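The values are calculated or read from the model by the stated rules, or taken from the named source; none is laboratory data. Just so it is clear, the structure is predicted and the values come from calculations on it, not from any experiment. We place every Cβ from the backbone using ideal geometry, glycine too, and count neighbours over all the protein chains shown. Please note that ligands, DNA and RNA were not included when accessible areas were found on the heavy atoms of the full protein model with its side chains. Shrake-Rupley method; radii C 1.70, N 1.55, O 1.52, S 1.80 Å.
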Amino acid sequence: MPAPLSGSCLCGAIRYTIDAPVTELRACHCTHCQKTSGAGGSVNVPLASDAFKITQGTPKRYAAKAESGRTLYRFFCAECGSPIYSQRESNPAMVTLRAGTLDNAGDMKITAHIWTKSKRPWSYIDPAAQQIPGQPN
């Protein structure tokens, strides 16, 4: 997928660009992603913070302790509630963007499933994709 890409929340109050190629899509099946999505988890793009830029609006931040014990900041639109990205307190150089907020995802495919030990019974995991029971290194 060529850079730059853009995306937004559902209502359009928050807009962003990313200026880096998307090389990986991870489906996260952790219980926090299940709760914030209201589904079996989330599909995410890990990328460097300096490649991600909010171009419109200011997302609201929620801090939560992840299963790993680390603090994870979740950023979302205060108007429509769309989750936009998350960032570990211990690793501000990286962001995890919610892939469903991209304006055009092209032909991206999920390359890995993480936190598979807490996946819902209805969640499908492609056997060809990498499967990691917890948090990858």
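General remarks:
- If you check Thr111, Thr71 for being touching a Leu at 6+ places or on another chain (Cβ under 6 Å), modelled with pLDDT under 95 and farther than 15 Å from Gly7 by Cβ, only one passes: Thr111.
- Residues of the stretch 14-50 that turn out to be over 16 Å from Thr101 (Cα atoms) and surrounded by 19 or more Cβ atoms within 10 Å (Cβ to Cβ), as a count: 4
- Near pairs, Cβ below 6 angstrom, 6+ apart or cross-chain, from the stretch 115-135 (touching a residue at least 60 places away in the same chain (Cβ under 8 Å)) to any residue that is outside any loop (DSSP other than H, G, I, E, B) and open to solvent by 30 Å² or more (accessible area, probe 1.4 Å): Thr116/Gln131; Ser118/Thr31
- For the stretch 89-103, filtered to residues that are over 13 Å from Val45 (Cα atoms) and among the polar types (S, T, N, Q), the residue that is surrounded by the most Cβ atoms within 10 Å (Cβ to Cβ) is Asn91.
- Selection from the stretch 12-40 of residues that are of a type in the set (S, T, N, Q) and under 23 Å from Lys53 (Cα atoms): Thr17, Thr23, Thr36, Ser37
- Applying the set (1) at positive phi; (2) touching a Ser or Thr at 6+ places or on another chain (Cβ under 7 Å) to Val95 leaves exactly one unmet item: (1).
- Single unsatisfied condition, Tyr62 versus (1) modelled with pLDDT of 95 or more; (2) open to solvent by 90 Å² or more (accessible area, probe 1.4 Å); (3) farther than 22 Å from Thr31 by Cβ: (3)
- Selected residue (criterion: nearest to the chain's Cα centre (by Cα)) from residues of the stretch 13-48 that are closer than 14 Å to Ser82 by Cβ, in contact (Cβ under 8 Å) with a residue 40 or more places away in the chain and in a loop (DSSP other than H, G, I, E, B): Ile14
- Flag if Gly100 is touching a residue at least 24 places away in the same chain (Cβ under 8 Å) and in a helix (DSSP H, G or I): yes
- Comparison of Gly106, Gly134, Gly81, Gly69 shows that the only residue that is open to solvent by less than 30 Å² (accessible area, probe 1.4 Å), in a loop (DSSP other than H, G, I, E, B) and not charged (D, E, K, R) is Gly134.
- Assessment of the stretch 120-131 against the conditions (out of contact with any Pro (no Cβ under 6 Å at 6 or more places or on another chain), open to solvent by less than 40 Å² (accessible area, probe 1.4 Å) and within 14 Å of Ala39 (Cα to Cα)) yields at least one matching residue.
- All positions within the stretch 52-77 that are touching a residue at least 40 places away in the same chain (Cβ under 8 Å) and closer than 15 Å to Arg15 by Cβ: Phe52, Ile54, Thr55, Gln56, Gly57, Thr58, Pro59, Phe76, Cys77
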